[in-house]
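The values are calculated or read from the model by the stated rules, or taken from the named source; none is laboratory data. This one's a predicted model, so the numbers in the text were calculated from it and none came from an experiment. As a convention, Cβ positions derive from the backbone with ideal geometry for all residues, glycine included, and neighbour counts pool all protein chains shown. Surface areas here come from the heavy atoms of the whole protein model, side chains and all, with no ligands, DNA or RNA. Shrake-Rupley method; radii C 1.70, N 1.55, O 1.52, S 1.80 Å.
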Amino acid sequence: MESILTISEILETFRSPCACGKQHELVTDTVYIGENAAEKLSEYIRVRMKGQGLIIADTNTAPAAGNALSSALGLPILIIDGASHATEIVCAEVEEKLDAMNPRPDFYIACGSGSLHDITRYIAYGRGQQFISYPTAASVDGFVSGIAAMTIRGTKISYPSRSPVALFADPDVFSEAPVRLTASGVGDLLGKYICLADWRIANILTGEYICPTLVKLEYDVIDEVEKTVAALKVSGGDPSYKKEYAARVMEGLVLSGLAIQLCGNSRPASGAEHHISHFWEMERITGEVPGLHGEQVGIGTLLMLKRYKEAAKAPAKPFIYRPEKVFDRDHIASVYRELTDDIMKENLPGGNADSSSLAKIPENAPVEHAEEVRAVLDSLPDYDALLSIMKDCGCKTSPADIDLPETEEFIGTTCAFAPYVRNRLTLLKLLEASAL
C-alpha cells in the first residue's frame, strides 16, 4: 500500500492566477507516504541534502522508529525526554546539546509527533538550517506546517518557523502508534469545520483575505476523513484495515499542513476550536491537561458547534466595539494573571485599540450580512452526527474525557477567555465581545 502526494500537482491548483489573487508557495518539495519510507528518505538525503544530518527523537519514538532509522540511514540520533513540550527552555537545552556535538549537524530529521516537530522546526529556523519530517503517528496536522506551536514564558504562541523540506512517512511505523494518537489526528481534522466557518465569517464581516481554493482543499480533507472513519466502522475493527485507516488520516493531516504553508499562516486550519485547546494548555483554569492536542481540538469543536448553532437562531444585532471593556486589564488579569502583558500585546499590537481584529468589524456588518453568516452556520454539520463520527473512531468528546470539569462555569470561562489567545477574528470572539 502506497500513497504519493505529488507536490507539483498540488501546486498546479494554486498557480497564479489563483482565485484569491495570491501567488502560493511551498517549502516542502517532497511528500512520500508509503512502504519503505526510510529507503526513500535515504535516497533523498543522498541526492538533495548536504553536510551532516542528525535524527532527533524522544524516549517514546526512538525505540519505536528512531533507532532503526538511525541504523538505516547511518546517522547519529539525539534522544530527548518523551514528556518534553515545545518551550523556550526545552529548545535551549536541546541547542546546548547540539553545540556540544562534533561535528555539529547541518540538518535534522524530526522522528516523532507534534511537540518534537515543533521543537525541531523552531531550532532549525533559529539556526537557518533545514529539517525533514518523519512522523511516527497520525496525530496532528503540523508536520509540514511552517508554524511552531510554542509555549513561551507560559503563553501559547504560534511562532513563524521552518517548514520541512520533505516528509517521509511509513504506514508500518505510524499505524503501530497507539489508537488514541490516530483518533487525536481525526479530532484535529474535524476541527476544520469550525475554523473554516470562522474564516468565512471573518471574510464576510471584514473583508479579511480568504482563499476559496484552500477552503475547498480543507473541506475535501474533512470529507475524506469522514469516509475513512465510516470505513473503519464497517470494518468492525478488522486489524487488516488498521494500516489503511492510519494512512488516510496521515494524508489528510499532511494536506491540511500544506494548506497552512500555502496560506502563509494557520488561518485555514485553526480557529476558535484551537484557541480553546491553547487556552487549556496555558493552565489558566486547569492544572496540567492530560489531553493530546487533537483531542482538545476535537472537544473544542463540539463545544463550538453547539454554540454556533445556537448563535444561528439568534437575531442579528449591530456590533459596537468597546475596547475599554473587551480589553479591560483587570478583566483579563483575573484569569491570565502573570501572562496578562503578553496577552495584551497579542491582542493589541503596538498598544493600539484599532489593531484588534474586532476593530475591523463595521458596526452594522452583522445585520447587513446576517443571511450570509447564517448560511455559513447552517452549513455546519449536525451536532449528533459529528459526535457519532468522533465516537466511532475513539475520539475524546467531552472535557471529562480528559479530566477537565464540565460545569457551566468552566465552559463559560473557557469561552470567555480562549479568544484572547490570538488576535484572530472568530465568531466566538465576536459573540463574547458583544456580551461585555
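The residues of the stretch 271-300 that are surrounded by 22 or more Cβ atoms within 10 Å (Cβ to Cβ) and either free of Cβ contacts under 8 Å to residues at least 40 places away in the same chain or under 15 Å from GLY114 (Cα atoms) (or both), listed by number, are HIS274, SER277, HIS278, GLY291, LEU292, HIS293, GLY294, GLU295, GLN296, VAL297.
Yes/no per residue for (1) touching a residue at least 12 places away in the same chain (Cβ under 8 Å); (2) outside any helix (DSSP H, G or I); (3) more than 23 Å from ARG180 (Cβ to Cβ); (4) open to solvent by 20 Å² or more (accessible area, probe 1.4 Å):
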position	(1), (2), (3), (4)
ASP342	yes, no, yes, yes
ARG374	yes, no, yes, yes
ILE389	yes, no, no, yes
LYS396	yes, yes, no, yes
GLU409	no, no, yes, yes
THR413	yes, no, yes, yes
LEU430	yes, no, yes, no
SER434	yes, no, yes, yes
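ASP330 satisfies every condition listed in (1) outside any helix (DSSP H, G or I); (2) surrounded by fewer than 17 Cβ atoms within 10 Å (Cβ to Cβ); (3) of a type outside the set (A, V, I, L, M, F, W, C) except (1). Within the stretch 196-214, being touching a helix residue (DSSP H, G or I) at 6+ places or on another chain (Cβ under 6 Å), farther than 20 Å from ASP382 by Cα and hydrophobic (A, V, I, L, M, F, W, C) holds for ILE204, LEU205, ILE210, LEU214. When VAL140 is tested against (1) under 24 Å from MET282 (Cβ atoms); (2) without any contact (Cβ under 8 Å) to a residue 40 or more places away in the chain, exactly one condition is not met: (2). Give the residues of the stretch 301-316 that are surrounded by 22 or more Cβ atoms within 10 Å (Cβ to Cβ) and either more than 15 Å from THR426 (Cα to Cα) or modelled with pLDDT under 95 (or both), sorted by residue number. LEU302 - this is the single residue of the stretch 301-316 that is surrounded by 22 or more Cβ atoms within 10 Å (Cβ to Cβ) and either more than 15 Å from THR426 (Cα to Cα) or modelled with pLDDT under 95 (or both). Among the residues of the stretch 80-103, those that are open to solvent by 30 Å² or more (accessible area, probe 1.4 Å), under 23 Å from ILE147 (Cα atoms) and hydrophobic (A, V, I, L, M, F, W, C) comprise ALA83, ILE89, ALA92. Only a single item in (1) in a helix (DSSP H, G or I); (2) loosely packed, with under 15 Cβ neighbours inside 10 Å; (3) of a type outside the set (D, E, K, R) is not met by ILE320, and it is number (1). The residue list PHE107, PHE131 contains one member that is touching a Gly at 6+ places or on another chain (Cβ under 6 Å) and under 23 Å from MET49 (Cα atoms), which is PHE107. A count restricted to the stretch 62-85 and to residues that are closer than 29 Å to HIS278 by Cα, assigned to a helix (DSSP H, G or I) and among the aliphatic types (A, V, I, L, M) stands at 3. Checked against the criteria, ILE210 counts as modelled with pLDDT of 95 or more and assigned to a loop (DSSP other than H, G, I, E, B). Out of THR30, THR61, one residue alone is open to solvent by 30 Å² or more (accessible area, probe 1.4 Å), at negative phi, of a type in the set (S, T, N, Q) and in contact (Cβ under 8 Å) with a residue 24 or more places away in the chain. It is THR30.
Of the residues making up the stretch 48-61, at least one is modelled with pLDDT of 90 or more, over 24 Å from ALA137 (Cβ atoms) and part of a helix (DSSP H, G or I).
Pairing residues of the stretch 238-251 that are open to solvent by 30 Å² or more (accessible area, probe 1.4 Å) with residues that are part of a helix (DSSP H, G or I), at Cβ distances under 6 Å and at least 6 apart in sequence or on separate chains, gives TYR241/SER235; LYS243/PRO171; ARG248/THR228.
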